[in-house]
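The values are calculated or read from the model by the stated rules, or taken from the named source; none is laboratory data. This one's a predicted model, so the numbers in the text were calculated from it and none came from an experiment. Every residue, glycine among them, receives a Cβ derived from its backbone with ideal geometry; neighbour counts consider all protein chains shown. The area values use the complete protein model at the heavy-atom level, side chains included, leaving out ligands, DNA and RNA. Shrake-Rupley method; radii C 1.70, N 1.55, O 1.52, S 1.80 Å.
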Amino acid sequence: MGQEGLQDAAELGQMDQETYLKERASLIDAEHSSSDEHDKAALTLSGGALALSITFLEKIAPNPSPESTWILFVAWAGFILSITSVLAGFHLSQLACRKQRDILDQMQLSGGKLDVEPINRFSNWTLRLNYASFGFFVVGVAFLAWYVGGNLPTSTPATPAAAAPLPTNP
């Protein structure tokens, strides 16, 4: 940790409650923004990879090896599951926010003393779906690369024209 990091850490240790809350809110906003960008990227990249694979199939390799079809299906499944994970994560994220708001309301009404430890399972599942969407995307990319590599048209070297006989001197 550099000298600047130590100074920042010392300043954070001495901040008042208002500054702390502002800094915390700023970090939460940054986290939400990053999460939104992750979700948009996962949807865009997975959808684009699906479209790219279909274009490859139609335009570049219209007659792929029949033995490699399963590889393409696994790639497509990875991209579709990635998209599905992101969409399910959107819904669970909304439920997690509602649950967290309910927990916060209960804590406020009870003076911060709850009988049981509040657990937000929706939040845990949202995180799992984010990891799953990334994992499925990686699987899709890997299998698509395998499929493309095995089905690229091979170019045959041009055969030289038959050599004309050398002229003979009469």
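For beta carbons closer than 8 Å, sequence separation of 6+ or different chains, a first residue in the stretch 55-77 that is crowded, with 16+ Cβ neighbours inside 10 Å and a second that is at pLDDT below 90 and hydrophobic (A, V, I, L, M, F, W, C), the qualifying pairs are Ala61/Leu152; Pro64/Leu57; Leu72/Leu57.
Does Ser133 qualify as being free of Cβ contacts under 8 Å to residues at least 60 places away in the same chain and small (Gly, Ala, Ser)? No. Of all the criteria given as (1) over 14 Å from Phe143 (Cβ atoms); (2) at pLDDT below 90; (3) within 27 Å of the chain's Cα centre (by Cα), the one not satisfied by Phe56 is (1). Given the criteria farther than 19 Å from Lys40 by Cα, at pLDDT below 85, of a type in the set (Asp, Glu) and part of a helix (DSSP H, G or I), does Asp115 qualify? It is false that Asp115 is farther than 19 Å from Lys40 by Cα, at pLDDT below 85, of a type in the set (Asp, Glu) and part of a helix (DSSP H, G or I).
For the stretch 54-65, filtering for residues that are of a type outside the set (A, V, I, L, M) and within 11 Å of Tyr147 (Cα to Cα) leaves 3. Among Trp146, Trp125, which is the only one that is touching a Leu at 6+ places or on another chain (Cβ under 6 Å) and either open to solvent by less than 50 Å² (accessible area, probe 1.4 Å) or part of a helix (DSSP H, G or I) (or both)? After ruling out the rest, the residue left standing is Trp125.
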